[in-house]
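All remarks here apply to the structure that follows.
The values are calculated or read from the model by the stated rules, or taken from the named source; none is laboratory data. Since we're looking at a predicted model, the values are computed, not measured. Here the Cβ positions follow ideal geometry from the backbone for every residue, glycine too, while neighbour counts run over all protein chains shown.
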Amino acid sequence: MRVACSAKTDIGLIRPINEDSFFADEKLGLFMVLDGIGGHNAGEIASKLGVDSLREAINNGVTMAREQLSDADCLELSKEANILKDGIRAANRVIYDAAHSREDYRGMGTTVASLLIGTKSLAIAHVGDSRIYLIRGGTIERLTEDHSLVMEQLKRGLISDQEAQSSDMKNIITRALGADMEVQPALDEIVILNNDIFVLCTDGLTDLVSDEEILTLVSDNRDTLDSACEALINKAIERGGKDNITTIVIQFQGDSHNFLRWCRTKFANIMRSL
């Protein structure tokens, strides 16, 4: 099975700097988008620290390289999902320590939406309101649930979907890397099928472009993933581009058995390099 991806980021039309960061490595099988928060450009620092520390943690296998689980309650998860979990926790501590090392870094943090290809499935993990979507069979499914104040209100039935979309508080997140000494990422796993497309993005896209519009824009440009990323970003800019916009589009094509063999080889090579 072939794995192809395209990743792009744009500063948008209003923000003075780009506080988003991303990482996309088909060989490692790791993809992530991060949206930094904090004043004095600290959000940019937080998202870059998040990318660097999480990439290093995944590359090193964290504690999972020795096949040790950090939490017994995650025994039902795959090795890759636990590596992703531990990597995010390690990145959280790096950002937390940095935020307490300098006054101008105080309060900084970042969201993260990440995907790691495993030997039997694909592991996903996120913190905050950056999202991961699956496009399959002409439909789109949101695989992540925002860690935000508005989502909490929505789940409790305090507001409607329409009110959530227009709420002034929809960008207030309830969980972020670096906010606390410990963080609990949301974890999930999904079996990949032929022609699956995954979209990772920051809220600079989803605040202005609906899920159905994402489906249409990607489907209309699925033969050229660079065009799909550009179409998504251009639509957000067309709507005002009030925030930084980052997207990664990943497509899987081919025989699933060959894909599983590729995954096992990829992961074995990572472990041997530790």
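So which strands (runs of 3 or more DSSP E) are wholly in the range 1-59 and hold at least 1 residues that are surrounded by fewer than 17 Cβ atoms within 10 Å (Cβ to Cβ) and not β-branched (V, I, T)?
The qualifying strands (runs of 3 or more DSSP E) are 2-10, 20-25.
Please enumerate the residues belonging to the range 189-214 that are surrounded by fewer than 23 Cβ atoms within 10 Å (Cβ to Cβ), in a loop (DSSP other than H, G, I, E, B) and touching a residue at least 40 places away in the same chain (Cβ under 8 Å).
Passing the criteria: V191, I192, L193, N194, N195, D196.
With the requirement that a residue be modelled with pLDDT under 85, under 28 Å from V51 (Cβ atoms) and buried (at least 17 other Cβ atoms within 10 Å of the Cβ), what does the range 152-178 give you?
K170
Condition check: surrounded by 18 or more Cβ atoms within 10 Å (Cβ to Cβ), within 20 Å of G107 (Cβ to Cβ) and modelled with pLDDT of 95 or more. Does L134 satisfy that?
No; evaluated as a whole, the condition is false for this residue.
Just to be sure, is I237 at pLDDT below 95 and among the hydrophobic types (A, V, I, L, M, F, W, C)?
no
How do the pairs read when you match residues in the range 31-48 that are without any contact (Cβ under 8 Å) to a residue 60 or more places away in the chain with residues anywhere that are of a type in the set (G, A, S), using Cβ under 7 Å and keeping only pairs 6 or more apart or on different chains?
So the pair list comes out as E44/G36; K48/S21.
Here is a list: T216, T246, T202. Which entry is more than 19 Å from the chain's Cα centre (by Cα), of a type in the set (V, I, T) and either closer than 23 Å to A164 by Cβ or modelled with pLDDT of 95 or more (or both)?
From the options T216, T246, T202, the qualifying one is T216.
Go through the range 215-239 residue by residue and tally those that are of a type in the set (V, I, T) and either part of a loop (DSSP other than H, G, I, E, B) or buried (at least 19 other Cβ atoms within 10 Å of the Cβ) (or both).
3
Considering T119, T139, T202, T174, which residue is touching a Cys at 6+ places or on another chain (Cβ under 6 Å) and at negative phi?
The unique qualifying residue is T119.
Of the residues A46, A57, A42, only one is under 28 Å from E189 (Cβ atoms), modelled with pLDDT under 95 and aliphatic (A, V, I, L, M); which?
A57
How many residues are on the phi < 0 side of the Ramachandran plot and polar (S, T, N, Q) if we restrict to the range 187-199?
1
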